[in-house]
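Undergrad: Next up is a structure, given as structure tokens.
Computed from the coordinates by the stated procedures, all read-outs in this text should not be read as laboratory data. If you're wondering where the values come from, they're calculated on a predicted model, not measured in any experiment. We place every Cβ from the backbone using ideal geometry, glycine too, and count neighbours over all the protein chains shown.
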Amino acid sequence: MTSRMSFDKFIHQLGNDGGQHQGGFKEFFRKTARQLKTLGSRRGIANQIDDLKIRLQQVKELKTSYKLDDIPSSPFEHSAVDPRLSALFVEKAQLVGIDGPRDDLVNWMLQEENSSTKHRKVLSIVGLGGLGKTTLAREVYRKIQGHFDCQAFVSVSQKPNVKKIMKDLISQMPCKNFFTEGIDTWDDAKCIAKLKELLKDKRYLIVIDDIWSISAWDAIKYAFPKNDFYSRIIATTRNVDVARSCCQGGNGRMYEMEALSDLHSKRLFSKRIFGSEDCYPDVLKQIYSISSLLANKPVVKDEWERVRRSISSALEKNRSLEGMNSILSLSYNDLSPNLKTCLLYLCIYPEDYVIERDILVRRWIAEGFIPEERGQCKEEVAENHFYELINKSMVQPVEIGYDGKARACQVHDMMLELIISKSVEYNFLTLAGHGETDLANRHSVIRRLAVQHIDQELGSILANEDLSHVRSLTVIASTCIKHLPRLVRFEALRVLEFQDCESLHEYDMNGIDKLFQLKYLSFRSTDMLKLPLGVVRLHGLDTLDLRDTQIEELPTGIIQLVKLQHLLIARYPYRHGHGKTKIPDGIGNMTNLKVISGFNIIRSSLCAVEELGNLTGLKELHLQLDGGGSQEYKRYEEMLLSSLCKLGTCKLQCLRINSDDSNSLQFLDSWSPLLYNLQTFQMVTNYYFPMTPKWIVPALTSLAYLDINFIEATEEDLRILGETPALLGLSISFKTVQKERLTVQGFAFPCLKEFYLTCERRWEGAVYLTFGEGAMPKLEKLVLPFYVLVAEAYGLYLGLGHLPCLRDAEIILSNHFDTSYKSNSAAVAAIRNEANSHPNHPRLSIQGEMDESFTDDKERCVIS
């Protein structure tokens with residue numbers, strides 16, 4: 001680490017001339033002088049490199065002499081007990097919360113028994129290790145096995161042995177002795193062929209438990225013939241991609257496991273500890289812990305408190321948690337080195353924290369975790385890592401968007417404890433104020449520091465630590481920041497983030513300009529009033545995040561940060577009072593900018609608005625457009641349009657416009673040339689277009705998400721927008737009462753997955769929209785007002801049955817003309833009948849202005 005620090009300082013000194021120079025004699029003498037000045041540093045670096053070479057050679061020789069390569073990775077790996085075995089033999093009386101999912105899957109598995117369809121079906125159950133996939137599969141298996149000629153249940157290891165799997169399956173099948181003669185001599189191909197022969201004319205039920213990879217499934221799937229005897233396969237996996245692969249072919253279903261609800265968790269806890277769901281002492285109700293750990297502990301409050309305070313230590317040492325630790329470790333050990341690093345990084349965040357994807361991706365890159373790969377930039381590689389952690393069920397997706405991608409994630413509590421334990425073991429990251437890391441007893445350097453609480457005592461401990469090697473400092477939701485050591489102590493920082501800190505203004509920011517390696521700087525959601533002047537000298541900065549702060553003006557020198565890629569001033573849509581920051585004059589020099597959010601166009605100079613057009617690498621632009629009453633507004637319109645026309649021909653993919661006024665956006669009709677790259681357009685304003693803007697039509701070939709306001713929703717607008725080949729999400733807000741029925745005609749919106757039709761005044765929105773056959777064939781989420789009085793004239797019909805992929809529907813009953821309770825009741829019944837008869841049984845929520853609740857008993861749909 002010392003060598004790396006010296007090297008970084010050396011590189012900084014070499015490049016610290018701060019400007020461009022011309023050639024000639026002056027440049028020659030300048031370079032010569034600089035080489036002489038850095039001669040000592042060069043010699044020091046050379047000596048340290050020689051030392052490293054010698055140390056590497058010594059390690060290599062030691063490894064050879066001790067023959068470490070010949071030692072198995074785990075000498076006990078063949079004798080270790082499989083932690084999944086307990087799930088196979090758990091007593092039914094011990095299970096909690098499984099009845100609902102089990103019965104749902106049982107019904108799906110058997111629903112074709114009385115139909116003419118006899119195809120084989122595959123059910124894949126996916127989820128984090130330890131959530132109960134094996135238990136659920138076993139319960140479904142037990143419930144339906146009597147419906148089949150032959151059944152088998154087999155577990156797959158991380159490195160599957162195809163021959164062994166086939167032999168295990170055959171051994172559970174009814175067959176004559178001669179069939180298995182010579183089985184020990186069979187190779188993989190013959191094993192598969194023999195099992196396929198055995199099953200070809202039988203109605204079979206097979207459970208393949210814990211499949212780790214698509215290649216493992218591909219290796220065994222051909223042993224299961226697609227016969228016409230209602231055969232069924234159940235596969236469990238921790239990987240979403242594997243789950244999708246297993247159930248491909250039109251006759252499959254992927255079921256995602258969820259953690260137990262609070263109610264079921266309490267029932268399991270009580271049953272495990274006290275033997276009954278009802279026997280739960282009041283004195284212990286407020287203490288959170290883990291039932292499997294406490295099962296053998298005395299029912300004493302002090303004992304439980306002691307366990308609660310030492311969960312992380314218990315995870316490493318207490319054999320009561322060994323099974324869960326082993327299960328989670330299987331998933332962790334299956335990760336590539338890069339993914340392990342990215343996963344360990346998540347322990348900087350507190351329990352139940354929602355981790356935003358974009359922030360995490362930028363931090364990973366700033367830390368140096370993400371290499372460029374062929375054909376992909378670092379952002380794309382980092383995003384792939386994020387989604388791979390989700391697919392492998394290591395983290396839980398949050399805020400699923402219109403494109404099916406998660407905007408954020410959360411770490412399950414038990415997984416968080418595991419990665420904290422691993423992080424401490426590898427000295428990857430140090431948690432301060434978490435209650436689990438004793439800084440006073442450390443014997444190694446601090447590489448990354450996450451402060452979740454700080455007081456005078458902890459500040460004193462940190463003051464005595466060597467902080468010169470800390471690569472990232474994260475302070476979340478902490479008060480008394482003044483006790484944190486001064487920034488000059490953290491000379492090696494690449495990442496610095498303060499978040500949700502209420503007293504940050506009390507902290508001494510002097511010396512921030514000395515952090516020459518800093519690439520990521522965030523003051524998000526703090527009480528910061530002014531940006532420290534030293535920030536303008538952080539020439540290597542990639543990201544500056546000032547969202548949800550009180551900063552309204554940037555220092556003029558900010559334009560010196562020519563490497564800056566993400567300049568985030570406010571979060572879209574902007575809260576009232578935010579979005580006041582003016583664009584700095586000279587921003588046109590910051591040509592590496594990719595994302596800008598939060599600048600107010602009208603508060604800025606016309607020159608700065610014009611310079612936006614020079615940012616040819618800009619991909620996302622989020623802006624505030626207020627001040628429609630000003631005399632110069634027309635000039636700002638013209639200048640903004642000029643810049644947008646330039647950006648539209650470059651890389652601009654996303655434009656979001658926020659306004660507290662009803663400023664007209666009609667000037668966008670002159671937006672040209674054709675917008676082939678624009679993928680997202682959103683508007684949160686009080687302006688409503690009278691018809692589909694002209695500029696949208698050429699952009700329809702690339703638009704994936706459109707959020708737009710119309711004075712009224714018309715079939716013509718729906719027809720125009722319905723021709724969009726790539727549109728995945730559509731949100732239309734209208735403001736008028738419409739007394740005629742609208743119909744989305746067949747073959748419109750071929751790729752649309754989410755459709756929201758809302759009104760300026762939610763409960764007074766009056767429109768009646770129905771769906772024709774073939775329209776929106778891929779729609780999954782629907783939010784729709786329902787004008788009861790108009791619908792009554794047409795028979796209270798929506799056409800939900802014409803939406804074959806529908807999963808979630810929210811219907812808002814319009815009571816603009818005080819519809820009677822009887823009419824509303826009839827509308828509710830009609831809508832529910834349509835939903836109940838839909839083959840997907842979509843989750844339904846019906847809302848109205850009346851006192852009566854129309855919400856369906858099923859889980860209310862959550863609109864992302």
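Undergrad: Rounded to a whole number of µm²/s, how large is the Stokes-Einstein D of the range 459-603 at 37 °C and 0.692 mPa s, given Rh as the Kirkwood radius over C-alpha pairs? Write down the numbers at each step before the final one.
TA: Numbers: Rh = 15.6 Å.
Answer from the Stokes-Einstein relation: 210 µm²/s.
Undergrad: How much net charge surrounds GLY772 when only the other residues with a Cβ under 13 Å from the Cβ of GLY772 are counted, with Lys and Arg +1 and Asp and Glu -1?
TA: Values: positive: ARG719, ARG741; negative: GLU715, GLU773.
Net local charge, GLY772 excluded: 0.
Undergrad: Then there is this: What is the sum of charges, Lys and Arg at +1 and Asp and Glu at -1, for the other residues whose Cβ falls under 11 Å from the Cβ of TYR636?
TA: On the way: positive: ARG603, LYS634, ARG635; negative: GLU610, ASP626, GLU632, GLU637, GLU638.
My count for the surroundings of TYR636 gives -2.
Undergrad: Once a ≥ b ≥ c are taken as the square roots of the eigenvalues of the Cα gyration tensor of the range 359-431, is the result rounded (a/c under 1.5), prolate (a/b larger than b/c) or oblate (a/b not larger than b/c)?
TA: Numbers: a/c = 2.31, a/b = 1.21, b/c = 1.91.
Oblate shape, in that a/c is at least 1.5 and b/c is the bigger or equal ratio.
Undergrad: Over 10 Å intervals from 0, what percent of Cα-Cα pairs in the range 429-516 sits in each interval?
TA: 17, 58, 24, 1
Undergrad: Over the range 85-256, what is the relative contact order in whole percent, taking alpha-carbon pairs under 8 Å and six or more residues apart? Working shown, then result.
TA: Values: 265 pairs, mean separation 62.3, N = 172.
For the range 85-256, the relative contact order is 36 percent.
Undergrad: Net charge around ASP626, counting only other residues with Cβ within less than 11 Å of its Cβ (Lys, Arg = +1; Asp, Glu = -1)?
TA: Values: positive: LYS580, ARG603; negative: ASP660, ASP661.
Neighbourhood net charge equals 0.
Undergrad: How big is the Cα convex hull of the range 679-807 in projection, averaged over all directions, in nm²? Kindly include the intermediate steps, with their values, before the conclusion.
TA: On the way: hull surface 28.7 nm².
If I average the Cα hull's projected area over directions, I get 7.2 nm².
Undergrad: At 37 °C and a viscosity of 0.692 mPa s, what translational diffusion coefficient does Stokes-Einstein give for the range 150-226, taking Rh as the Kirkwood radius over Cα pairs? Give it in µm²/s as a whole number.
TA: 260
Undergrad: Going by average Cβ density within 10 Å per residue, which order do the peptides 341-350, 149-158 take, highest to lowest?
TA: Numbers: 341-350: 21.5, 149-158: 17.8.
With the highest mean Cβ count within 10 Å placed first, the list reads 341-350, 149-158.
Undergrad: Relative contact order for the range 336-426 using alpha-carbon pairs under 8 Å, separation at least 6, rounded to a whole percent? Write out the running numbers ahead of the final one.
TA: Values: 98 pairs, mean separation 32.7, N = 91.
After rounding, I find 36 percent.
Undergrad: Can you give me the Rg/Rh ratio for the range 732-814, using Cα atoms for both radii and the Kirkwood formula for Rh?
TA: On the Cα set of the range 732-814, Rg over Rh gives 0.94.
Undergrad: Next question. Going from the alpha-carbon gyration tensor of the range 583-641, what semi-axes, largest first and in whole Å, does one get by taking the root of 5 times each eigenvalue?
TA: Working: eigenvalues 82, 26, 16 Å².
Three semi-axes, in Å: 20, 11, 9.
Undergrad: Distances longer than 23 Å among the Cα atoms of the range 85-256: what percent of all pairs is that?
TA: Details: 5486 of 14706 pairs.
The calculated P(r) of the range 85-256 puts 37 percent of pairs beyond 23 Å.
Undergrad: Which order do peptides 175-188, 715-728 fall in by mean Cβ count within 10 Å, highest first? Present the calculation step by step, with values, prior to reporting the outcome.
TA: Numbers: 175-188: 10.8, 715-728: 17.5.
Final packing ranking: 715-728, 175-188.
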